[in-house]
């Protein structure tokens, strides 16, 4: 099956700093999703981004499908950004069956 | 809308016991899925359903059964619990619109098998 790798595995930032999280995948995909898992375990969908760039406030994501990677940018980080960020691609077929990467654990400190 | 709800939030079982994890959604989503999350790992797909009466296996289906009699509900059954099934279980649903298959996750059920 498709392999999904994320880097870095862990990241510590001071509040206000910017960061880039990377997701590499081993095969062609027709979509990709980014999720944030907060410290209480809740998973929130951030982006559905098969290609191109999307922005939502301080967060933006870019997927270059031909080169099999996606990037998540966090600008002016806040303590509420802490948690684990996952990217996920279709297991097979539809986007409803996802293969997840192992995540990037982000800690934002004051 | 309540979104995706899961019960119970936490459960302790003894090896060999059976139980059902409940999942319900009120968004009229066709697709529903069950995932498990083990420490330090991403989520892995257990079973999924593309509509009432239709289910199929995911990446790690052994030891679990599902059924989908209604659009709203998608219960996950553990037939004979094993310590290896200690995990956090997430249910998810997706809207029917092709091309915008964003998944919505429930709050999770934390299961401990002794």
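What follows draws every value from the coordinates through simple rules; no lab data is involved. Given the structure is predicted, the values throughout are model-derived calculations rather than measurements. For neighbour counting, all protein chains shown are included, and Cβ atoms are generated from backbone atoms with ideal geometry for every residue, glycine included.
When the Cα centres of the range B:44-69 and the range A:1-65 are compared, how far apart do they sit, in Å?
First find each Cα centre; the distance between them is then 26 Å.
Compute from the Cα atoms of chain A the Rg and the Dmax, the latter being the longest Cα-Cα distance, and quote both in angstrom.
Rg and Dmax of chain A, Cα atoms, are 13.2, 43 Å.
Among A:13-19, A:98-104, how do they line up from the highest to the lowest mean number of other beta-carbon atoms within 10 Å?
Values: A:13-19: 13.4, A:98-104: 23.1.
Those peptides, ordered most packed to least, come out A:98-104, A:13-19.
Given springs between every Cα pair under 10 Å in a Gaussian network model of chain A, which of A:43, A:72, A:32 has the largest fluctuation?
A:43
Given points 7 Å out from each Cα along the Cα-Cβ axis, report the residue B:62 to residue A:58 separation in nanometres with one decimal.
Placing both labels 7 Å beyond Cα along the Cβ direction yields 4.5 nm.
Compute log10 of I(q)/I(0) for the protein assembly as shown with the Debye formula, placing one identical point scatterer on every Cα and leaving out solvent, at q = 0.13, 0.15, 0.17 Å⁻¹, to two decimals.
So the normalised log intensities work out to -0.75, -0.98, -1.21.
Compare B:39, B:95, B:61 in a GNM of chain B, Cα atoms joined below 10 Å, and give the one with the largest fluctuation.
B:39
Quick one: grab the alpha carbon gyration tensor of the range B:25-114, order the square roots of its eigenvalues as a ≥ b ≥ c, and give me rounded if a/c is under 1.5, else prolate or oblate depending on whether a/b is larger than b/c.
Here the range B:25-114 falls in the prolate category.
Name the most mobile residue of B:12, B:88, B:50, meaning the one with the largest mean-square fluctuation, in a Gaussian network model of chain B with Cα contacts below 10 Å.
Of the options given, B:12 has the highest mean-square fluctuation.
To the nearest whole number, what is the average tally of beta carbon atoms from other chains within 10 Å of the beta carbons of peptide A:32-41? Write out the running numbers ahead of the final one.
Values: counts 0, 3, 0, 5, 0, 6, 0, 0, 2, 7.
Taking all residues of A:32-41 together, the mean is 2.
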